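Q: A single structure is presented below for examination.
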Amino acid sequence: MKEALKFPALSGIYVVTNINYKFLVMGQIEELGYNFDESRILVEPAGKNTLPAIYYGVKEIQKKGEHVVAVFPSDHLIEDEEEFIRTVKGSESLATDYIITYGVIPARPHTGYGYIKPGAALSGGFVADEFKEKPDYAAALDYVQKGYLWNSGMFMFRTDIFAGEVRRYCPEVYDSFGLDDTVEIYATTPSLSIDYGIMEKSGRVAVVPLSVRWSDLGSFDSFYEEFRSDENGNIDFSGNILIDSSNNLLYTDYDKAVALVGINDLIVVDEKDALLICRKDRSQKVKDVVNILKQRNDSRADQHLTTYRPWGSYTILESGFFYKIKRITVLPGKKLSYQLHHHRSEHWIVVKGTARVTVEGEETFVRSGESTYVKSGFKHRLENPGKVLLEVIEVQLGEYLEEDDIVRIEDDFGRATGISEFLSSYKEVAATTEKDEKMND
């Protein structure tokens, strides 16, 4: 594996995300060739909108002193990078007195973005006079004609100024982050956007115009605009069939053939566990679908079929009451924890690469086309000793198949349960088993 490069500039970068994306982030940084301190990936235990997420990062940075920081969402598409960097660097002096937000000069009326009205001129920017929510088309057209800017959701500020404004306008958030435990902090802090919590209330907000081609990719219609369509305006990623249809975005998973006949201006996203069909101009409403799923406590609102881990990823292919089938992908040189499960056994079939398998301390190599079996209660480990991806189909069998049925004995990523917890867990399960056997007798 190519040795990761060391760039001092990365020492000033923090990433705020959730546990589902932590290891995806680590993997992508590694692919770029950088070393990155895992402690600077800040994991939110719950999503509480943008203000707590940003303040979490600010609090961590303040442990090392007061600094000017910039905040950039991860899902934005920015062209003309040199102009973007020039504008951001050129506005740093303004951050000594103001919380800066960057307003993109609109290319056209857009109903998917909020707007900012520039006020009195400042050196390098303007006082942010007014914030507008996402408008209808007529209002968007009016805003553009009056010189309003798109609200990009990118910021720059001094940490002490920002913390002071949080304390003044959002004392509940400020007080919550005075606690020591991150889980407790997020259990008590309210869910607030930075715009509603700070930007629309503070008198210390400036807007700096940004003249670049930009998209926040926040909806499927924004996504549609960034890809080249066919002669009928259709974008299809999977070679599906479109007859007498135009201006559609079609994505399907799992090699499913989908046909659209006489369909126009729709977004169709078909995955194994969910199907979305909506008009292109209503794709902002997808957020309402997610909220409904959350109200129903539906795990699909937060969890994808593919889960990323520090060693690679796994995808759930099929599941039932007493079985679950996964595709496990292990990165070269990585290995899973040395672990056991109390309630399930596992069959492993190697479909690509070579696996080093350890069961109760005994090592074997399992090659493509070969399989092995791990009984419940047996300590085991799966490892990729090679230089290509290892892909394994795992078949779990048992009366309980959730991810919390795992005891880690050893782990390269600091997740080991520890021998005392292991012995305690083992004794507890053994006692329960013995009790069940006596009752059956």
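Bear in mind these aren't lab numbers, they're just calculated from the coordinates by the rules spelled out. The shown structure was predicted, so the numbers you read here are calculated from the model rather than taken from an experiment. Cβ sites come from the backbone with ideal geometry, for glycine too, and all protein chains shown count toward neighbours.
Q: Using a basic spin-label model with each label point 7 Å from the Cα along Cα→Cβ, how many nm lie between A257 and R228?
A: About 2.7 nm, to one decimal.
Q: Across region 45-215, how many lysine pairs separated by 8 or more positions, or lying on different chains, have Cα atoms within less than 17 Å? Let's see the in-between values first.
A: On the way: K48/K59; K117/K132; K117/K134; K117/K146; K117/K201; K132/K146; K132/K201; K134/K146.
Number of lysine pairs found: 8.
Q: Right, another one. How much length is gained if the chain between N291 and L10 is pulled fully straight, taking 0.36 nm per residue apart and subtracting their Cα-Cα distance, in nm to one decimal?
A: Answer, rounded to one decimal: 97.6 nm.
Q: Let me ask something additional. Please list, short to long, the whole-number percent of alpha-carbon pairs of region 6-155 in consecutive 10 angstrom bins beginning at zero.
A: P(r) over region 6-155, rounded to whole percents: 9, 32, 36, 19, 4, 0.
Q: Still on this structure: Dipole size in debye (nearest 20) for the chain around its Cα centre, Lys and Arg Cβ +1, Asp and Glu Cβ -1?
A: Values: 51 positive and 71 negative charges, 101 e Å.
Here the size comes out at about 480 debye.
Q: Could you calculate the FRET efficiency of R108 with D129 from 1/(1 + (r/R0)^6), where r is the beta carbon distance between them and R0 is 30 Å, rounded to 0.05?
A: 0.85
Q: Checking the a/c ratio against 1.5 first, then a/b against b/c, what shape does the Cα gyration tensor give for region 228-286? Present the calculation step by step, with values, prior to reporting the outcome.
A: Working: a/c = 1.77, a/b = 1.08, b/c = 1.64.
Oblate.
Q: Same structure, new question: Cα convex hull of region 252-327: how many Å³ per residue?
A: Each residue corresponds to 142 Å³ of Cα convex hull volume.
Q: What distance in nm separates the simple spin-label points at E82 and E318, each placed 7 Å from Cα in the Cβ direction?
A: Each label point is offset 7 Å from its Cα along the Cβ direction, giving 5.6 nm.
Q: Roughly what percent of Cα-Cα pairs across region 246-387 reach past 22 Å?
A: Working: 5548 of 10011 pairs.
In whole percent, the share of Cα-Cα pairs in region 246-387 beyond 22 Å is 55.
Q: Continuing with this model, one more query. Distance in nm between label sites at S191 and E370, each 7 Å beyond Cα in the beta-carbon direction?
A: 5.0
Q: Please compute the length gained on full extension between K63 and S39, using 0.36 nm multiplied by the number of residues separating them and subtracting their Cα-Cα distance.
A: Contour length minus Cα-Cα distance gives 7.3 nm.
Q: Averaged over every viewing direction, what's the projected area of the C-alpha convex hull for the chain? Give it in nm², one decimal, please. Display every interim value, and only then the final one.
A: Values: hull surface 106.9 nm².
Mean projected area of the Cα convex hull: 26.7 nm².
Q: Relative to the longest principal axis of the chain, what angle (0 to 90°, nearest 10) does the C-alpha long axis of helix 419-440 take?
A: Around 60 degrees separate the two axes.
Q: Next question, about the same structure. Please give the net charge around K272, taking every other residue with its beta carbon less than 10 angstrom from that of K272, where Lys and Arg add +1 and Asp and Glu add -1.
A: Taking every other residue near K272 into account, the sum is -4.
Q: Mind checking the full-extension length gain between N49 and L276? Use 0.36 nm per residue of separation minus the Cα-Cα distance, one decimal, nm.
A: That pair, N49 and L276, stretches by 79.3 nm at full extension.
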